[in-house]
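Structure, as structure tokens:
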Protein chains: 4
Amino acid sequence: MTTGTPVSRAERKKQELRREIIETAFDCFAERGYHATGIADIAARLGIGHGTFYRYFQNKRDIVDHVITDLVRTVVAALAADNAPDAVSSLAEYRTQTARIGDALAGIFGGDPRLARFLLLEAAGIDAEMRERVLDFYDGAAQLTAAYLSHGVELGYLRADLDVEGSARAINGMILAAVLASLRDPAPESQARLSAAIRRVMYDGIAARD
Amino acid sequence: MTTGTPVSRAERKKQELRREIIETAFDCFAERGYHATGIADIAARLGIGHGTFYRYFQNKRDIVDHVITDLVRTVVAALAADNAPDAVSSLAEYRTQTARIGDALAGIFGGDPRLARFLLLEAAGIDAEMRERVLDFYDGAAQLTAAYLSHGVELGYLRADLDVEGSARAINGMILAAVLASLRDPAPESQARLSAAIRRVMYDGIAARD
Amino acid sequence: MTTGTPVSRAERKKQELRREIIETAFDCFAERGYHATGIADIAARLGIGHGTFYRYFQNKRDIVDHVITDLVRTVVAALAADNAPDAVSSLAEYRTQTARIGDALAGIFGGDPRLARFLLLEAAGIDAEMRERVLDFYDGAAQLTAAYLSHGVELGYLRADLDVEGSARAINGMILAAVLASLRDPAPESQARLSAAIRRVMYDGIAARD
Amino acid sequence: MTTGTPVSRAERKKQELRREIIETAFDCFAERGYHATGIADIAARLGIGHGTFYRYFQNKRDIVDHVITDLVRTVVAALAADNAPDAVSSLAEYRTQTARIGDALAGIFGGDPRLARFLLLEAAGIDAEMRERVLDFYDGAAQLTAAYLSHGVELGYLRADLDVEGSARAINGMILAAVLASLRDPAPESQARLSAAIRRVMYDGIAARD
DNA sequence: CATGAATGAGTCTTCATTCAT
DNA sequence: GATGAATGAAGACTCATTCAT
């Protein structure tokens, strides 16, 4: 029953090129910026005619949407793996989980600086709609982090009076700062050190204990 | 007979228009984005000929540089007032100072959402040079915050083993998150709540105390 | 089945349009002058979009370079035909050759007054670089004429003490004058008369013989 | 009776500035070309406001007309001095006179290369009207030279069958060539050599005498 | 009378998009 | 289905000219 698959070889090739276009567009946008990138640049780098581009995407705006959707999916997938909020039941386990998440983030963003450059610095400037999408993303991330914190509060390993929403945004802000810092100092050691500092602040705060 | 001032009326008017152009450019850039804004738009909104624009600024890139320089100056000035790092000698005083700085930030960014929108979301996407300038700004802010922390460590009201640099970036990240959040929820109460949550994380962390 | 040619029909059409653009640009430049001619004028006269122009030439400066290169090539080709310097071995033959060259010049420049108007009056005023190119052209022409004279001196039908270089420039100056005169009086008879006068001066000078 | 003069001091100053503007405009036009020169350039070099320019000349086109009129007057004046066509009555005297005229030309154009650059290379390209003026100038020069030749024919020291008009254009062409050559090789010796070569061609032609 | 601030017509040039081949 | 030639809207920028001070 090999013919059972409704996806023909031609169809698969089409999907392949579609993917290549998205990736190449990301390359270009990250390197030269969205506005400085022409459709012709993307097509030329791929070695296809720039008319072909329009057989796969509506217009320039369309492609950038897909690029971002893809990137977000990638990031979320990498983070979600083995990191469900309710897989944790003690502070020690949560510490381990946050460390793992931190490593994952470092892996994702440290492995390809274009990712941070594009998502954090370039995307929001594309147009008003994309700006809202970026803010939506931040909101979604806050909700996700809040879920982790809620779980901790419920199980008692996080402070009972924790402002879950606010703390979630605060924590995500620290992550954001770390990713931004990686753009200037991508050395893994620096990233690890910053990650540790963030976790220290996160768990213990900065105040001296009496 | 106030002719004592060496600045002629014409000169003053020129400076005034120059300032108006910068402000109007900021309006336009913040509303429609840098790339979507034409010099003609700025001039039209001001009611001047677009040729006039070029009497005051070299080109489109020139104006955005001035806009940003001005904004940064404004923000820095608002924060620097009465908030010297070494004006503090105890944790209680530092708490007060951070609250004051938080209020100042809320005042600045809450008072005009365009500020955050432009500086945090738009600016970095203008071009590569501006992106670097934004990263420079983050670096400078980190150094500034680090100075505050260093002072606290020296005086003993902050943890002796604090990773000053890393914590500074972490704290600034939380501030960044708060400013970004204000774009979606500009209500002063929300801002105050988020500010409090950040300070709570900052001083005490999120972990439950045994 | 003339598919043997490796040049596709599309390619040929492209070359054709390229040529048409050069010719139309020449038309415009000669009629209204380089500076008074807009790219839009050229495109409109050709019935193409002005964006199309830029698919064939880099910019306005680029096209004028090609126009001139083409014109010079045309002129040189017309003169070079059957007029090698060393194809002559006596004064009588040289007289015949100069007459033939004169006729050729009259044919070229008399046939299309725009040629002289553009090359002699317009080109040098385009910009500094083009001015040098025009002077280069005069230098080259002087060298060419000098080659003819040298040959005559060697074979003894021209004065042994002839200042070859200087005389060459002098002769070319007379030609230049004739071409310029044709702009005001393009009648073939006038041209023929002037051509004869030049040859008379050239061979015999103006002084009465004792 | 010093008040008898109708020209007030203010009036004289005005005339002076007017002259300075013409000269400075010539400087600019000759150096950077007519089209590349802005009214502001001329005014700035003179240290006057560019609005002032328009108190002395109608517009940009107006000034270039005056510049050329002035230059032509200068050239003509320099040549006319002691060189009346009928001040000569023999070939020897005519030779002397042409040598003197040659020297004068060398003095004028050799002394200031901008003169040739502007009059011969730049002027005709300004616009159609100026092109006609340049051709008018060539025509006038031809008539002038023809007057000299006519005189020589009448007195018998030039060939009786001389084509006066044609020869005049031919001779002027040689002069033109010499002036153009001076732009590339301004050395007085070169000029003198070329001048001699021209006179040799003019009087004796290039053909070997049996 | 000198000034230079203001103006906007005019030009080059780019690039996303369409469509005939 | 791929291609790239054609297109023209759009935008940055210049500069001759005017005119209020």
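The values are calculated or read from the model by the stated rules, or taken from the named source; none is laboratory data. This one's a predicted model, so the numbers in the text were calculated from it and none came from an experiment. Heads up, the Cβs are rebuilt from the backbone with ideal geometry, glycines too, and the neighbour counts pull from every protein chain shown. Keep in mind that these areas ignore ligands, DNA and RNA; they rest on the heavy atoms of the full protein, side chains included. Shrake-Rupley method; radii C 1.70, N 1.55, O 1.52, S 1.80 Å.
For region A:44-54, enumerate the residues that are near DNA strand E (Cβ under 8 Å from one of its atoms) and loosely packed, with under 14 Cβ neighbours inside 10 Å.
Start the filter on region A:44-54 by keeping residues that are near DNA strand E (Cβ under 8 Å from one of its atoms), which leaves A:50-51, A:53-54.
Within region A:44-54, just A:Gly51 meets the criteria.
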**Asked** How many residues are among the hydrophobic types (A, V, I, L, M, F, W, C), open to solvent by 30 Å² or more (accessible area, probe 1.4 Å) and within 14 Å of another protein chain (Cβ to nearest Cβ) when one looks only at region B:11-38?
**Response** 1
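Taking helices (runs of 4 or more DSSP H) that do not extend beyond region C:78-173, which have at least 3 residues that are open to solvent by 20 Å² or more (accessible area, probe 1.4 Å)?
Fully inside region C:78-173 and qualifying: C:91-111, C:128-155.
Is it the case that some residue within region D:23-35 is aliphatic (A, V, I, L, M), within 30 Å of C:Tyr34 (Cβ to Cβ) and at pLDDT 95 or above? Spell out the reasoning first.
Quick first cut of region D:23-35, residues aliphatic (A, V, I, L, M) only: D:25, D:30.
Then drop every residue that is not within 30 Å of C:Tyr34 (Cβ to Cβ), which leaves D:25, D:30.
Okay, now just the ones that are also at pLDDT 95 or above, so D:25.
Yes - at least one qualifying residue is present in region D:23-35.
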**Message:** Of the residues A:Arg32, A:Arg73, only one is within 16 Å of A:Leu115 (Cβ to Cβ), free of Cβ contacts under 8 Å to residues at least 12 places away in the same chain and outside the structural domain of A:Leu115 (by TED's automatic domain parsing); which?
**Reply:** A:Arg32
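Out of curiosity, is B:Asp41 more than 16 Å from DNA strand E (Cβ to nearest atom), more than 14 Å from chain A (Cβ to nearest Cβ) and not polar (S, T, N, Q)? Give the derivation first.
Working: more than 16 Å from DNA strand E (Cβ to nearest atom): no; more than 14 Å from chain A (Cβ to nearest Cβ): yes; not polar (S, T, N, Q): yes.
No.
The rows are residues; the columns are (1) in a helix (DSSP H, G or I); (2) within 11 Å of DNA strand F (Cβ to nearest atom); (3) touching a Lys or Arg at 6+ places or on another chain (Cβ under 7 Å).
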{"site": "C:Cys28", "(1), (2), (3)": "yes, no, yes"}
{"site": "C:Ala44", "(1), (2), (3)": "yes, yes, no"}
{"site": "C:Thr52", "(1), (2), (3)": "yes, yes, no"}
{"site": "C:Val64", "(1), (2), (3)": "yes, no, no"}
{"site": "C:Val67", "(1), (2), (3)": "yes, no, no"}
{"site": "C:Asp70", "(1), (2), (3)": "yes, no, no"}
{"site": "C:Arg73", "(1), (2), (3)": "yes, no, no"}
**Complete:** Looking across region A:120-148 at residues that are among the charged types (D, E, K, R) and at the interface with another protein chain (Cβ under 10 Å from one of its Cβ atoms), the single one that is farthest from the chain's Cα centre (by Cα) is A:Asp127
**Item:** Residues satisfying the stated conditions in region D:179-201, i.e. open to solvent by less than 20 Å² (accessible area, probe 1.4 Å), more than 7 Å from every other protein chain (Cβ to nearest Cβ) and in contact with a Ser or Thr (Cβ under 9 Å, 6 or more places away or on another chain)
**Value:** D:Ser182
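Could you check, for region C:83-104, whether at least one of its residues is outside the structural domain of C:His35 (by TED's automatic domain parsing), touching a His at 6+ places or on another chain (Cβ under 8 Å) and of a type outside the set (Val, Ile, Thr)? Let's see the steps before the verdict.
Step one: of region C:83-104, the residues outside the structural domain of C:His35 (by TED's automatic domain parsing) are C:83-104.
Restricting the remaining residues to those that are touching a His at 6+ places or on another chain (Cβ under 8 Å) gives C:85-86, C:88.
From the residues that got through so far, the ones that are of a type outside the set (Val, Ile, Thr) too are C:85-86.
Within region C:83-104 (the criterion being outside the structural domain of C:His35 (by TED's automatic domain parsing), touching a His at 6+ places or on another chain (Cβ under 8 Å) and of a type outside the set (Val, Ile, Thr)), the answer is yes, since at least one residue qualifies.
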